[in-house]
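Asks: Have a look at this one before I ask anything.
Values in this text are rule-based calculations from the coordinates and carry no lab data. In this text, all values refer to a predicted model and were calculated from it rather than measured experimentally. Don't worry about glycine lacking a Cβ; one is built from the backbone with ideal geometry, like all the others, and counts go over all protein chains shown.
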Amino acid sequence: MIFVVAISFILILLLGIPVAFVIGLTVLIYMLLTGLPLVLIPQRMFVGLDVFVLMAVPFFILAGGIMNAGGLTKRLIRFSYILVGSVRGGLAYINVIVSMIFAGITGAATADVSSIGAILIPAMKKKGYELGFSSAITAASSTIGGIIPPSLPFIVYAIVAGNVSVAALFLAGVIPGLMIGLFQMVAIRLFFINKCPPAIKHEKIPLSDTLKEIRDAILALIMPIIMIGGILSGIFTPTESSAIACVYALVISLFIYKELTFSKLQKIILNSAVITGACFLIVAVCSPFGWILTVEMIPLKLTTWILSLTNNSNLILLLVILFLLFIGTFMDTIAALIITVPVLLPTLLKVGFNPVHVAIIICFALYIGLITPPVGICLYIASSISGLSLEKISKAIFPFIIISILILLSIAYFPDIVLFIPRLFGKIR
Amino acid sequence: MKINIKILENLDSKIDWITSIIVIYSLSLMLLLVFSQIVFRDLFRFSMYGIEELARYLLVAFSFFGASIALRKNELVGVTFARNALPIKTQRWVDLAGIFLVSIFLMIITIYGFRLVVSLLKTGQLSPSLRIPMSIVYSVVPLGFLLMLFRSLLNAFDLFFCCSLKKNAKYKQITEESKKI
């Protein structure tokens, strides 16, 4: 019977209807076949969303929206321009640096690519950077957004996996996140410098202007410190940090920069709620779905099956990574996390991997899916901003995908890269 | 026929307006609640009773209502590469079949959601800390799904009568997906 349900899942999936309904219909078919009361579905869906930690999702999206409309993003970019604007490829480096700062405030890659891209892609085009490269670096650097804490995929992962601390995951994401940024900047210097216009000797920026830019940006710059510091010192939980980010951005935009109007704010709130609704519909239907997986003991059966094939933990990890990279090419990160984690996690834990290590690998692998065609959401946004076709950006982004996969593999096989900082803070043994 | 479409459009925009208002205020209120909880706890060492519960219920409410707006705007992500590989004419039939299945699902959840509410009404169960009747709390599920059902039928209507418009919309949908996580 499970076979029938699985086949219908795949058939419905291929129809192209929203993933939430694919899962919902599969659950419905299972319930009808087994004769379980259908009232369980709405009840489980409610329970699946009635989770405090999930609040971080709308709040982080909202914070990103407020930062853009309120002029915080703009000031961060102007500040970075003072740092590296005058070297060759300056705007490309800025793209990565601002993504890293942004990553320290919000937890989602898409907020990153749409806001930074909207400013930097046109600016890079004007300065004579190759358009494909500009779009590619914007999309690629945005993936840092979900790795450097605070991070949305880690929060969702912690809900799905249970018994793993979000704070430990956040800390574990620091080094991989910095690594992506650093490697991307090195790649720009080594491989892409000929796609950047030569540095122009422009007139020296007067010191007073420099100071003004720094003073302007300082309120946005200290935001990551407030967020991460607050979480680590226990003043607020990772979930609450998302609300702090919103309020902080709101206060600065409304009262200090004074760039945010009430009607703009309403639109941003509505937009955040709609994006959240689309995402949480999947979370909701995954609740009865996960329940079925448990009842049918699918994870256990899969674990037994895989272990009967091989006992080599490294090989199993490699297979899992390949599988996740494949899933990520056509599926949304959150949906993929909710579906795959309960199934894959028991196997990985059984062969002796650290839960935090596994979490980072799974989230990172699925996050690479954001920049891989055919369905890379960050690619689509970059494409819609630059007006360049998806194929051209896909070609330009290929080297960055390779870099990400190399970092993923090094994290996978050298767990200390990930586990070092959480150990330092005593979050894991 | 023309008048009917007008009425439908009118109803659509009215519902859109009301849903938007509900969604905006629930999210704002939720932010206010969570933030004040932090402030009261850390500054005044005073934990407010039941705040978290209310915030969670608001989260569920605006998620389902927000999803109905996303459904109408075609912002829900699907795996469309197989569908896109089909010839255009077949695509339309696949889409209609998809909407048909989705509507059946939405209808069943709406019906059983109402049954759930009715059964909670009978038992008179109250929420743990704020003592709100759970029947009211759970009613956001059938209401949200009823809205989604209505919006899904409107999508079917669009697909049936202005097929060419929809073709472009599908491509736009992909860029709109962008806003997702």
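Asks: How big is the C-alpha Rg of segment B:14-79 next to the rule-of-thumb value 2.2 N^0.38 Å, as a ratio?
Replies: Values: Rg = 15.2 Å, N = 66, 2.2 N^0.38 = 10.8 Å.
Segment B:14-79 yields a ratio of 1.41.
Asks: Can you give the helix-only mean residue ellipticity at 222 nm for chain B, where every DSSP H stretch with n ≥ 4 adds -39500 (n - 2.57) and the sum goes over all residues, rounded to the nearest 500 deg cm²/dmol? Write down the numbers at each step before the final one.
Replies: Numbers: 7 runs with 147 residues, N = 181.
-28000 deg cm²/dmol, from helical runs alone.
Asks: For residue B:78, which sequence-distant residues (separation of 5 or more, or a different chain) have an amide H within less than 5 Å of its own amide H, given hydrogens modelled in the peptide plane?
Replies: HN-HN under 5 Å from residue B:78: A:19.
Asks: Please report the orientation-averaged projected area of segment A:67-214, defined via the convex hull of its C-alpha atoms, in nm². Walk me through the numbers on the way to the answer.
Replies: Values: hull surface 38.1 nm².
If you wrap the Cα atoms of segment A:67-214 in a convex hull and average its projections, you get 9.5 nm².
Asks: Calculate one ³J(HN,Hα) per residue across segment A:293-309 by plugging θ = phi - 60° into the Karplus curve 6.51 cos²θ - 1.76 cosθ + 1.60, and present them in order as whole Hz with x for glycine and proline.
Replies: 3, 5, 4, 7, 6, 4, x, 5, 5, 5, 4, 4, 5, 5, 5, 6, 7
Asks: Extending each Cα 7 Å along its Cβ direction at residue B:126 and residue A:47, get the distance between those two points in nm, one decimal.
Replies: 2.3 nm
Asks: Which FRET efficiency, nearest 0.05, do residue A:183 and residue B:160 yield, Cβ-Cβ r, R0 41 Å?
Replies: Working: r = 51 Å, r/R0 = 1.24.
Rounded to the nearest 0.05, the efficiency is 0.20.
Asks: Which of A:25, A:152, A:11 moves the most in a Gaussian network model of chain A with Cα springs under 10 Å?
Replies: Looking only at A:25, A:152, A:11, the largest GNM fluctuation is found for A:11.
Asks: Evaluate Rg over Rh across chain B, taking Cα atoms for both radii and Kirkwood's formula for Rh. All intermediate terms of the calculation are to be shown ahead of the outcome.
Replies: On the way: Rg = 20.0 Å, Rh = 18.8 Å.
Result for chain B is an Rg/Rh of 1.07.
Asks: Averaging sequence separations of C-alpha pairs under 8 Å and six or more residues apart, then dividing by the length of chain A, give the relative contact order as a whole percent. Walk me through the intermediate numbers first.
Replies: Details: 614 pairs, mean separation 109.0, N = 429.
Relative contact order of chain A: 25 percent.
Asks: Among B:67, B:55, B:97, which one shows the highest mean-square fluctuation when chain B is modelled as a Gaussian network with alpha-carbon springs under 10 Å?
Replies: Answer for the Gaussian network model of chain B: B:97.
Asks: Oh, and also: Under the rule of at least 5 residues apart or a separate chain, name every residue whose amide H is placed under 5 Å from the amide H of residue B:126.
Replies: When sequence neighbours closer than 5 places are left aside, the close amide H contacts are B:134.
Asks: Okay, helix-only estimate at 222 nm for chain A: each DSSP H run of n ≥ 4 adds -39500 (n - 2.57), divide by all residues, round to 500 deg cm²/dmol; what do you get?
Replies: Values: 21 runs with 326 residues, N = 429.
One gets -25000 deg cm²/dmol as the mean residue ellipticity at 222 nm.
Asks: So, one more: When chain A is treated as a GNM, springs tying every alpha-carbon pair under 10 Å, which of A:260, A:91, A:319 comes out with the largest mean-square fluctuation?
Replies: A:319
Asks: Still on this structure, I have one more. Under the rule a/c < 1.5 gives rounded, and otherwise a/b versus b/c splits prolate from oblate, where does the protein assembly as shown land using the Cα gyration tensor?
Replies: Values: a/c = 1.34, a/b = 1.31, b/c = 1.02.
Judged from the Cα gyration tensor, the protein assembly as shown comes out rounded (a/c under 1.5).
Asks: Evaluate the relative contact order of segment B:5-180 (contact order divided by residue number), counting alpha-carbon pairs under 8 angstrom at least 6 apart; express in whole percent.
Replies: On the way: 141 pairs, mean separation 44.8, N = 176.
Computed value for segment B:5-180: 25 percent relative contact order.
Asks: Between residue A:36 and residue A:264, 0.36 nm times their residue separation minus their Cα-Cα distance comes to what?
Replies: Values: separation 228, 0.36 × 228 = 82.08 nm, distance 4.71 nm.
Here the answer is 77.4 nm.
Asks: May I ask for the equivalent-ellipsoid semi-axes of segment A:78-140, computed as the square root of five times each C-alpha gyration tensor eigenvalue and listed largest first in whole Å? If you can, show how the numbers build up before the last one.
Replies: Working: eigenvalues 66, 39, 14 Å².
Square roots of five times the eigenvalues give 18, 14, 8 Å.
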